[in-house]
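Structure first, then comments.
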Amino acid sequence: MSTIAGGVRARHRSGTALIVAVVALAVIGLLVAAAHLAAVESGRAGERRFMQAEAFAAAEYGVERAAANAPLAAWRAMPPGSTDWSGPWSVGRATVSVRVTRLGDSITPLVLIEGVGGAGSAPTRRARRTVSLTMSLAEGRFAPLGALTIGGGVTVGAGAMVDGNDLPPAGWSCPVPGPALPGIATPDAATVTVSCGPACLGGAPPVAQLAVAGASSTYLVFGDIGWAELVAAARPVSSVANPAPSSSAGACLTSDLDNWGDPARGSPPAPCESFFPVLHAPGDLHLAGGVGQGVLLVDGDLTVSGGARFAGIVIVRGAVHAAGTGGRIEGALMAAALSGAASDIAGSLVIAHSRCALAEAERATLRPVPIPFRGWSEVY
């Protein structure tokens, strides 16, 4: 009996071990499967995060590219509410398209730039991110008080002319002339000496005494843009300049620092007629002939000779000197005379007020500026 009972107990123990082994194998299998599933899900989550990062980077790139290469004049001309799409562009394994929406009004133009980035290929394995940037189209507003606005004394000698009547540059397509400005605007009319005869001053009146002509802000703040912002965006100018338009294969060579645009107008138009640069001389400047157009900023004194011609706005922090064959400035000339030195304008220099030339100079200052606070945002 004992033998039989021992055999039964042995078989019972063998059956239990088999069950335990099967359960252990099942548990191990479940653990392996769970670990594999977790690894697969972790890999997929990592891939999704990577695709999201790629899409986000592409969206940011699209916005930055659009802002850096902004066709500002075209954006400003867009009717409020209208949109313009560009792209798609490849950014590594991702792509991006950019939508620009014109906001605001004609006085305060805004644009909303949206970059829509996408990464991945299969419909179930694709990431999409959108970022946006709201920018204001800042533009200089030049409001000279006269054809010559000057903060110090000035002598207008024989052969020179200062005219505040609105005169379009020769050959330019301009609107009907507007009201005349003073020929010379100064904070103290007693510091103006005229030795060229009454015919060399024109305007309404020929000389105006205005306290604001002596204010530093008159020569430093221009609408939405100040002196520092203009200088930061300007092309450098050497101390002696004789600029001339240059082109290659029918295209204006804007990279040529001696190319200041072309104020002449012909038929057909010359390549550099539409080029209006912002220029900056960090010290004194001798404009010894040549032609140019746009915005000219001079930190020191300006000397004009050699028949130089410039159309647009010239802003000088020092004094102005001209002798011999002076030349012609069309638009306006502003001289702060911060050093206290007097200006002398002689020779054949002509300073002629032109709203048309000033308007073109203002367009040259157009630039995008992110609005403060929530200018940039991640949409999705």
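The values are calculated or read from the model by the stated rules, or taken from the named source; none is laboratory data. Predicted, not measured: the structure shown is a model, and the values here were computed from it. Cβ sites come from the backbone with ideal geometry, for glycine too, and all protein chains shown count toward neighbours. These area figures cover heavy atoms from the full protein model, side chains too; ligands, DNA and RNA do not enter into them. Shrake-Rupley method; radii C 1.70, N 1.55, O 1.52, S 1.80 Å.
Computed packing ranks the peptides 179-185, 365-371, 328-334 as 328-334, 179-185, 365-371, most packed first, by mean other Cβ atoms within 10 Å. Counting only DSSP beta bridges with both residues in the chain, the antiparallel share comes to about 40 percent. When DSSP beta bridges are restricted to pairs lying wholly in region 244-380, around 5% turn out antiparallel. Measuring between their Cα centroids, region 145-178 and region 219-247 lie 20 Å from each other. When the chain is treated as a GNM with alpha-carbon contacts under 10 Å, the residue of Ala21, Ala211, Ala55 showing the greatest mean-square fluctuation is Ala21. Given 37 °C and 0.692 mPa s, how large is the Stokes-Einstein diffusion coefficient of region 100-160 in µm²/s, with Rh as the Kirkwood radius over Cα pairs? Stokes-Einstein gives a translational diffusion coefficient of 192 µm²/s.
Distances between placed amide hydrogens fall under 5 Å for Leu366 paired with Gly140, all partners being 5 or more residues away or on another chain.
If you rank His353, His321 by how much accessible surface each has, with a 1.4 Å probe, what is the order from largest down? Write out the running numbers ahead of the final one.
Working: His353 5, His321 45 Å².
Sorted descending by solvent-accessible area, the residues read His321, His353.
For region 57-123, the list of trypsin sites (Lys or Arg not before Pro) that fall in a loop by DSSP and count at most 16 other C-beta atoms within 10 angstrom reads Arg93.
Simple spin-label estimate for Asn242 and Ser267 gives 3.3 nm between the two label positions (7 Å along the Cα-to-Cβ direction from each Cα). Computed from label points 7 Å out along Cα-Cβ, the spacing between Ala190 and Ala21 is 12.1 nm. Whole-percent P(r), region 184-329, all Cα pairs, 5 Å bins from 0: 2, 9, 16, 20, 18, 16, 11, 5, 2, 1, 0. Farthest toward the positive end of the dipole of the chain, out of Ser132, Pro144, Gly203, is the Cα of Ser132, where the dipole comes from beta carbon charges about the Cα centre.
Quick check: with the 1.4 Å probe, what order do Thr193, Thr101 take by accessible area, largest first? Please list the in-between numbers first.
Details: Thr193 70, Thr101 20 Å².
Of Thr193, Thr101, the descending order of accessible area is Thr193, Thr101.
What angle do you read, to the nearest 10 degrees and between 0 and 90, between the alpha-carbon axis of helix 355-364 and the longest principal axis of the chain? Once rounded, one gets 30 degrees. Of the trypsin sites (Lys or Arg not before Pro) found in region 113-158, the ones in coil according to DSSP and having at most 14 other Cβ atoms within 10 Å of their Cβ are Arg125, Arg141.
Can you send over the carbon and sulfur percentage of the accessible area for the chain, probe radius 1.4 Å, protein chains only? C and S atoms contribute 62 percent here.
How many percent of all Cα-Cα pairs in the chain sit more than 40 Å apart? Write out the running numbers ahead of the final one.
Numbers: 27810 of 72010 pairs.
In whole percent, the long-distance tail amounts to 39.
Explain nothing, just the number: dipole magnitude of the chain about its Cα centre with +1 on each Lys and Arg Cβ and -1 on each Asp and Glu Cβ, in debye rounded to the nearest 20.
That gives the chain a dipole magnitude of about 2680 debye.
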